[in-house]
Amino acid sequence: MHDVAKGAVLAPVEFEVEPTRYRHWKVSYDGAIARVAMDVDPAAPLRDGYELKLNSYDLGVDVELADIVRRMRFEHPEVRVVVLTSGNDRVFCAGANIHMLGSSTHAWKVNFCKFTNETRCEIEDATASSHQVWIAACNGTTAGGGYELAMACQEIYLQDDGNSAVSLPEVPLLGVLPGTGGLTRLVDKRKVRRDRADVFSTTAEGIRGKKAVQWGLVDAIFPRSKFDEKVLERAKGLIASASAGLPPGERKGVVLSPLAPEVGPTSRRYRHVSLEWDETTRVARLTMTGPSAADVALVERGGEAMRQACVDGSAALWSLQAWRELDDALLHLRVNHMQVGLVIVRAVPAQGCDLQQVLAHDAALAKARDHWFAREVLLHTGRVLRRLDNTSRSFFAFGDQGTAFGGCMLELALAADRFYMLDDADAPVKVALSELEEGALPMHNGRTRLQTRLIGAPAQLETLVGRRDPLDAEAADDAGLVTVRLDPIDWDDDTRIAMEERASLSPDALTGMEQNLRFPGPETPDSKIYARLSAWQNWIFIRPNATGPAGALTLYGRPERPQFDWQRV
Amino acid sequence: MTTPNVDLDGKIPNNVGLSDDPKLRRALETWLPQYLEWWNDMGPTDFADKPVFLRTAVSVEPGGWAHYEHVKMPDYRWGIFLDPSPEAAHIKCGDDAGKPAWSDVPGEHRNSLRRIIVTQADTEPASVEQQRMLGHIAPSLYDLRNLFQVNVEEGRHLWAMVYLLHKFFGRDGRDEADELLVRRSGNPDKPRILGAFNQPCDHWLSFFAFTMFTDRDGKYQLAALSESGFDPLARTTQFMLTEEAHHLFVGETGLDRIIKRSAELQKLDKNGDVRAQGGIDFDLIQRTINYWYTYSLDLFGGEISSNASTFFATGLKGRYREDQYTDHRAIDGSYRIPVVEGGKLIEQDVPVRNAMNEVLRDAYVADCERALRKWNKTLEAAGSPTRLSLPSRRFHRHQGIYADYRFDPQGNLISHEAYEANKHKWVLVPEDNAYLLSIMKPCYEPGKFANWIAAPNKGIEGQPIDFEYVRMD
């Protein structure tokens, strides 16, 4: 088996794609209904060494799916129901490609699972927030990740042909877990009885027909000859409910234009975001530039003006462009720069601007959010910030000279593991809160970053509600926003030491620690999925029973049978 | 004639101690009426009241399992018989080769075994469904009887598999047994599991090709399962093999008789035009071979298969005549398979366990080549210049690593366009049916044969060729 996915030595993975370049999906639009058909090209894997047979997927397939979900919201706002189905005659989707998993590094598997999870959460987010209801039309075998993909949809329809089954064969066949939220969605979302879920998850061949309906694994079964017709009937039936409470605005899409970053040997520079990395110190610097006065003026003209400015390409709108760029930078950081352990985050104002512009921007966007497009822009910002929350690198935000962490950009500091702020009496650095931070940009746990941060200080949180005045370092510290306040004499030394110290700690322990500390408070299905993924799946992935020389995943497809260490841990 | 442990008195003749197993008896007796209903709905049409000279298994002793008499098909006694081999069984292949065989289903392998059994079982009623109309255009009473013999035995094979499901797989097994009677060959909503068993079998040319090629897959599957470490499966399939041999005989000699007759008609016609003489031309025979042989190749499963590896490794399914091999673990060693890569065929070495489907397919292909040589001898003896051949195993495939590509009958990789343009020259096309049905009129007079087929060399069980094999009045 070839070594695949040794990120650094191979060509970097690109996360930008557009419809004319899809290799694995066929998307068609008919008024309010879109049809997304998975038709994976076996000969087009992202890395050499495996074939994508039977509609199985790898990261490349999922990058296209993520693009579909995102473009659907921005480019096809007329769509109310999305039918997710297969272009393959016999298989809906066989899940993640096992040979790809078996031959990948641990880090690759983890990143792959994380990205696919984020895509599935985006599908659910589109259904919940964008009046685009995804339904799965499983017109063939629906196995493993294939069923997990179906479970990300609001409803699941299975072809009743005596053969097509839904299954989660990971435990019995591969000695790992369903890696994209399958177990959580089974009992938490679909409310399948937990004892039945136990039987289902240990039955490699899965469950089909009436029993699949009785157990709640699917919503209905239709015979093969009537399948397309019945699914379409259901899709049409859903249009009305999906359209209830639809936000106003002309439902004409905008184009998500290419980001076209300038890529150097140690940098990636976009219009508003730049990422620089140093492989020796293993530190990267991520900088986001705030909106200009013109950007703010555009948002102040309201949602429809924003939409019109983006009809031929979104680059004109900071509120979308900057966050798309950050999203792309984060994905590159995760997959193409595996050695980088610490990311220094800075938010800087646009030329000639300061905190006031970003606050004005946030106020205008909050005002415009009734319009569907402004709402999508905000939802997108929220998703990018959640991607940041879920990125397994240490993030230190540096509020030093020249920075302006305000409103949505202050969220970068609140998402970071620590916020260092310069306390300079001569040239005070300031931060400020905006209304967008009071619920418009929730974390996966359903709460704001402020609520999460101040979980033990509700009174302090209360004083911040509605507070819009710029806070200097002392005030910000008092408000609980700052981790370490440093005066100019100490700044250089203390931040250098903090960075070196961080870079010296075990990356595994840091990942685990950060994930534990970032999400206090209540759980949601999303947060459970990510937490369990990192806690259980990533543990199982590295255990000999899965990936040792005689592990089930290692040996899948090979002539030898797995040998388990029977000790329960 | 019957051994003491064979119970022929109950509703279900058997040597599996049914009378002492109330749970199993109850299950089978519940299933029996459903089965009969299925037989009435989907079995041979319109011949239920005709006594047919059938062979019935009444004993598992050598020679004693073939009892002949005229029976109406609904009265045929579908029994359950296991090979009574007295020797202590052992696991014949895989990691546990040599250890005692399982007389009960090991939990670890339960799902795999059930899947193997259900897949095999599903083919049995499927072929009966495919052949249900053929009685109306039978070329002779001899052939009509053979058709029905095949049909009732496929029914009995279904019983054998259902016995295993009922006896060893609890409620799941009973559900699967019920499903076997619900799926229907060629029905788009409830198709049979395997592709070849959903193809139409509209005429006797296809029937003979089916029994020659598709039932021969059955022989090799049964032979591989007769090496199973699950002893009841091994013994059941061992006994089924003896009956399967007759089906293969029907197919192989049926095609041989058509070939012989076509050669005669070729000679008879001044232009050598078989069709002008109302016979079946060799192009059509060749296309029929190409069609059914390749559909049957599909039944062996993927060339490179982790299931095949697991089934072998766990001792659930062996190779053809596993005892011929010295190394029953087959953990080392590789098998070379031509695969398509970058638009070209290249050879790839795969672990032999993963190539077990291909290993079994090799034995099958060799057997088919033997039959082809025999038919070509018939052509030679008849003085015909024509020779028939098997197409490449890559040609016209719907399963496995070649299914996504197109090949010509010689096995060369060609474009989809080239394939579509020539397909009608290579495999059966719907237009062939019109001609075949035009010449296939029933011939029910004892000793008479339709113009397009030669008489067999001899009758059945020592009976003359003009024996009344099916009583039509």
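The values are calculated or read from the model by the stated rules, or taken from the named source; none is laboratory data. This is a predicted model, so every value here is computed, not measured. Here the Cβ positions follow ideal geometry from the backbone for every residue, glycine too, while neighbour counts run over all protein chains shown.
Quick look at the numbers
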| read-out | value |
| --- | --- |
| Region B:415-457, residues that are touching a helix residue (DSSP H, G or I) at 6+ places or on another chain (Cβ under 8 Å), surrounded by 14 or more Cβ atoms within 10 Å (Cβ to Cβ) and within 30 Å of B:GLY342 (Cα to Cα) | B:TRP426, B:VAL427 |
| Number of the exception - B:ALA276 against (1) in a helix (DSSP H, G or I); (2) touching a Ser or Thr at 6+ places or on another chain (Cβ under 9 Å); (3) surrounded by fewer than 18 Cβ atoms within 10 Å (Cβ to Cβ) | (2) |
| Condition check for B:PHE208: farther than 22 Å from B:ILE116 by Cβ and touching a helix residue (DSSP H, G or I) at 6+ places or on another chain (Cβ under 8 Å) | yes |
| Residue within region A:49-58 that is surrounded by fewer than 23 Cβ atoms within 10 Å (Cβ to Cβ), away from chain B (no Cβ under 14 Å) and basic (Lys, Arg) present | no |
| Residues of region B:96-123 satisfying the condition of being more than 14 Å from chain A (Cβ to nearest Cβ), closer than 30 Å to B:TYR295 by Cβ and surrounded by fewer than 23 Cβ atoms within 10 Å (Cβ to Cβ) | none |
| Residue among B:PHE197, B:PHE249, B:PHE208 that alone is part of a helix (DSSP H, G or I) and within 14 Å of another protein chain (Cβ to nearest Cβ) | B:PHE197 |
| Test: residue in region A:414-431 that is within 23 Å of the chain's Cα centre (by Cα), farther than 22 Å from A:CYS310 by Cα and assigned to a helix (DSSP H, G or I) | yes |
| Matching residues in region B:448-473 - criterion: being over 26 Å from the mean Cα position of the chain (by Cα) and among the acidic types (Asp, Glu) | B:ASP466, B:GLU468, B:ASP473 |
| Qualifying residue in region B:433-444 (condition: without any contact (Cβ under 8 Å) to a residue 12 or more places away in the chain and either part of a helix (DSSP H, G or I) or not charged (D, E, K, R) (or both)) | yes |
| Conditions (1) over 23 Å from the mean Cα position of the chain (by Cα); (2) more than 14 Å from chain A (Cβ to nearest Cβ); (3) assigned to a helix (DSSP H, G or I): number failed by B:ASN354 | (2) |
| Top-ranked residue of region A:450-478 - restricted to ones that are β-branched (Val, Ile, Thr) and assigned to a helix (DSSP H, G or I), ranked as nearest to the chain's Cα centre (by Cα) | A:THR452 |
| Residue that is nearest to the chain's Cα centre (by Cα), among those in region A:353-385 that are basic (Lys, Arg) and more than 19 Å from A:GLY313 (Cα to Cα) | A:ARG383 |
| Residue within region B:297-311 that is part of a helix (DSSP H, G or I), more than 14 Å from chain A (Cβ to nearest Cβ) and not charged (D, E, K, R) present | yes |
| Whichever residue in region A:224-246 is within 12 Å of chain B (Cβ to nearest Cβ) and surrounded by fewer than 15 Cβ atoms within 10 Å (Cβ to Cβ) and, among such residues, is farthest from A:THR127 (Cα to Cα) | A:SER225 |
| Scan of region B:418-432 for residues that are assigned to a helix (DSSP H, G or I) and either touching a Lys or Arg at 6+ places or on another chain (Cβ under 6 Å) or without any contact (Cβ under 8 Å) to a residue 40 or more places away in the chain (or both), ordered by number | B:ALA418, B:TYR419, B:GLU420, B:ALA421, B:ASN422, B:LYS423, B:HIS424, B:PRO430, B:GLU431 |
| In region A:181-208, the residues that are within 14 Å of chain B (Cβ to nearest Cβ) and buried (at least 20 other Cβ atoms within 10 Å of the Cβ) | A:PHE200, A:SER201, A:GLY206, A:ILE207, A:ARG208 |
| Qualifying positions in region B:319-338 - within 10 Å of chain A (Cβ to nearest Cβ) and in a strand (DSSP E or B) | B:SER334 |
| Residues that are in a helix (DSSP H, G or I) and surrounded by 14 or more Cβ atoms within 10 Å (Cβ to Cβ), drawn from region A:479-489 | A:PRO488 |
| Matching residues, region A:144-164, being surrounded by fewer than 23 Cβ atoms within 10 Å (Cβ to Cβ) and within 14 Å of chain B (Cβ to nearest Cβ) | A:ASP160, A:GLY162, A:ASN163 |
| Strands (runs of 3 or more DSSP E) wholly inside region A:244-308 that include at least 2 residues being touching a helix residue (DSSP H, G or I) at 6+ places or on another chain (Cβ under 7 Å) | A:273-278, A:283-289 |
| Top-ranked residue in region A:518-569 [being of a type in the set (S, T, N, Q), closer than 28 Å to A:ASP389 by Cβ and touching a helix residue (DSSP H, G or I) at 6+ places or on another chain (Cβ under 6 Å); ranked as farthest from the other protein chains (Cβ to nearest Cβ)] | A:SER534 |
| Residue match in region B:37-46 (condition: among the polar types (S, T, N, Q), closer than 17 Å to B:ASP175 by Cα and at pLDDT 90 or above) | no |
| Subset tally (residues that are of a type outside the set (A, V, I, L, M, F, W, C) and within 14 Å of chain B (Cβ to nearest Cβ)) for region A:165-180 | 4 |
| Conditions (1) in contact (Cβ under 8 Å) with a residue 12 or more places away in the chain; (2) within 14 Å of chain A (Cβ to nearest Cβ); (3) of a type outside the set (Gly, Ala, Ser); number of the one not met by B:LEU134 | (2) |
| Residue within region B:392-411 that is at pLDDT 95 or above, of a type in the set (A, V, I, L, M, F, W, C) and more than 30 Å from B:GLY107 (Cβ to Cβ) present | yes |
| Residue count, region A:87-96 (criterion: surrounded by fewer than 24 Cβ atoms within 10 Å (Cβ to Cβ) and either assigned to a loop (DSSP other than H, G, I, E, B) or in contact with a Cys (Cβ under 7 Å, 6 or more places away or on another chain) (or both)) | 4 |
| Filtered residue count, region B:392-404, keeping only those that are within 11 Å of chain A (Cβ to nearest Cβ) and either hydrophobic (A, V, I, L, M, F, W, C) or surrounded by fewer than 19 Cβ atoms within 10 Å (Cβ to Cβ) (or both) | 4 |
| Count - residues of region B:172-193 that are more than 7 Å from chain A (Cβ to nearest Cβ), surrounded by fewer than 20 Cβ atoms within 10 Å (Cβ to Cβ) and not in a loop (DSSP other than H, G, I, E, B) | 4 |
